[in-house]
1. Search the stretch 230-253 for residues being of a type outside the set (D, E, K, R) and part of a strand (DSSP E or B), and hand back the single one that is nearest to Ser305 (Cα to Cα).
2. If a residue must be in contact with a strand residue (DSSP E or B) (Cβ under 6 Å, 6 or more places away or on another chain) and part of a helix (DSSP H, G or I), how many such residues does the stretch 161-176 contain?
3. Give the number of residues within the stretch 128-158 that are surrounded by 20 or more Cβ atoms within 10 Å (Cβ to Cβ) and either without any contact (Cβ under 8 Å) to a residue 60 or more places away in the chain or among the hydroxyl-bearing types (Ser, Thr, Tyr) (or both).
4. Write out, first by first residue and then by second, each pair whose Cβ atoms fall under 6 Å of each other, whose residues are 6+ apart or on separate chains, and whose first residue, in the stretch 1-26, is free of Cβ contacts under 8 Å to residues at least 24 places away in the same chain while the second is among the hydrophobic types (A, V, I, L, M, F, W, C) and not in a loop (DSSP other than H, G, I, E, B).
5. For the stretch 305-331, which positions are open to solvent by less than 30 Å² (accessible area, probe 1.4 Å) and under 20 Å from the mean Cα position of the chain (by Cα)?
6. Can you tell me which of Ser240, Ser290 is over 28 Å from Ser5 (Cβ atoms), at pLDDT 95 or above and open to solvent by less than 70 Å² (accessible area, probe 1.4 Å)?
7. Suppose the filter is more than 30 Å from Tyr111 (Cα to Cα), free of Cβ contacts under 8 Å to residues at least 24 places away in the same chain and out of contact with any strand residue (DSSP E or B) (no Cβ under 9 Å at 6 or more places or on another chain); does Ala181 pass it?
8. Mind telling me which of the residues Ala215, Ala256 ends up being part of a helix (DSSP H, G or I) and either crowded, with 16+ Cβ neighbours inside 10 Å or on the phi < 0 side of the Ramachandran plot (or both)?
Amino acid sequence: MPGNSFGQAFRFTTWGESHGPAIGCVVDGVPPGIALEEAELQVWLDQRKPGQSRHTTQRREPDLVRIVSGVFEGQTTGTPVALVIENQDQRSKDYGDIKDKFRPGHADYTYWAKYGIRDYRGGGRSSARETAMRVAAGGIARKVLDGLVPGGIAIRGALAEMGGQKAARERWDWAETRRNAFFCPDAEAAAVWESVLDSARKSGSSLGAVIEIVAEGVPAGLGEPVYDKLDADLAKAMMSINAVKGVEIGAGFAAAALRGEENADEMFMEDGKPAFSANHAGGVLGGLSSGQPIVVRFAVKPTSSILTPRRTIDVYGNETEIVTKGRHDPCVGIRAVPVGEAMMALVLADHLLRHRGQVG
């Protein structure tokens, strides 16, 4: 089963299933001599782990990460870093009633059509459980960025929209994302979302969301034109996250409604350095970072596992009905915020090492 690795100079490969004994990853290309402890990765995993509020799945996983190779006496050695997280709260029996049915909106049918077999326990390899290892690998990527970029690179994520209701830009406060259960930068919107999501959950439904990820302090020149553009790799990274159905950079689709003079960010000198009048380009020009903040947004569909009965078919070709029981996120976009931050870090670490390899 190919397609489990991401990156070139900084490359990680994940393995494991939702209801298997463990999940893990191998991170290759990590420079030697970087101080690294499990606690530095755990802080990011704690933001993604389930069961932290009634608004996420109640599966109880501590998501405790272990470093099993590539670190000696607290420093990376330059060899592959292997990470493992034990699964501790699987309930495979929750899926016994639907093992022969395809859940609408899930990867059940497509995995079965491709491989002739599927792991019906929580989706197996297609489960968002896999994203825990992306967050762990992203923690290593952050350490690489901090070690190689003077002043470091700040990566922050927020839930910008849920169920069609947006956080207000005039009330946007990054600090607020750590004070509510939604990673929402707008306290007023978070209060509204709470009741809206409660209503959707109690009715057996779910909601979609839009996540915004911003990276500041990125040096100009990262990226590999023409086919490995920085924004192209960012788009691929975000699209690879479970349930993501759309990605935009900077102004994104809204740029199509602008005139040329509005969209072209004017340049001038400020304190002896190039500066820009705006950031419609999202920090990327011609596939290369411009030195401005890199802004990426991605849309997450409503969780497909819902209690509302849906029509479907089974592996024998019979038409039937399905209700997906078990423990599921009423809005999977909430826990996608730390995953998006991790994917941003992983892409930037990869391109930073590629850039150093080519131009020093």
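The values are calculated or read from the model by the stated rules, or taken from the named source; none is laboratory data. Bear in mind the structure is a predicted one, so any value in this text is a computation, not a measurement. Every residue, glycine among them, receives a Cβ derived from its backbone with ideal geometry; neighbour counts consider all protein chains shown. With ligands, DNA and RNA removed, areas are computed over all heavy atoms of the protein, side chains included. Shrake-Rupley method; radii C 1.70, N 1.55, O 1.52, S 1.80 Å.
1. Taking the stretch 230-253 as the starting set, the residues that turn out to be of a type outside the set (D, E, K, R) are 230, 232, 234-235, 237-244, 246-247, 249-253.
Then keep just the ones that are part of a strand (DSSP E or B); that gives 244, 246-247, 249.
Values: Val244: 15, Gly246: 20, Val247: 23, Ile249: 29 Å.
Looking at residues that are of a type outside the set (D, E, K, R) and part of a strand (DSSP E or B), I get Val244.
2. Initial filter on the stretch 161-176 (in contact with a strand residue (DSSP E or B) (Cβ under 6 Å, 6 or more places away or on another chain)): 161-162, 167, 174.
Narrowing the set further to residues that are part of a helix (DSSP H, G or I) leaves 174.
So the answer is 1.
3. Residues that pass the stated criteria total 1.
4. Here the result reads Thr13/Val26, each pair linking the stretch 1-26 to a residue that is among the hydrophobic types (A, V, I, L, M, F, W, C) and not in a loop (DSSP other than H, G, I, E, B).
5. Those that are open to solvent by less than 30 Å² (accessible area, probe 1.4 Å) and under 20 Å from the mean Cα position of the chain (by Cα): Ser305, Asp329, Pro330, Cys331.
6. Values: Ser240 fails: over 28 Å from Ser5 (Cβ atoms).
Checking each option against the conditions leaves just Ser290.
7. On the way: more than 30 Å from Tyr111 (Cα to Cα): yes; free of Cβ contacts under 8 Å to residues at least 24 places away in the same chain: no; out of contact with any strand residue (DSSP E or B) (no Cβ under 9 Å at 6 or more places or on another chain): yes.
For Ala181, the condition - more than 30 Å from Tyr111 (Cα to Cα), free of Cβ contacts under 8 Å to residues at least 24 places away in the same chain and out of contact with any strand residue (DSSP E or B) (no Cβ under 9 Å at 6 or more places or on another chain) - is not met.
8. On the way: Ala215 fails: part of a helix (DSSP H, G or I).
Of the residues listed, the single one that is part of a helix (DSSP H, G or I) and either crowded, with 16+ Cβ neighbours inside 10 Å or on the phi < 0 side of the Ramachandran plot (or both) is Ala256.
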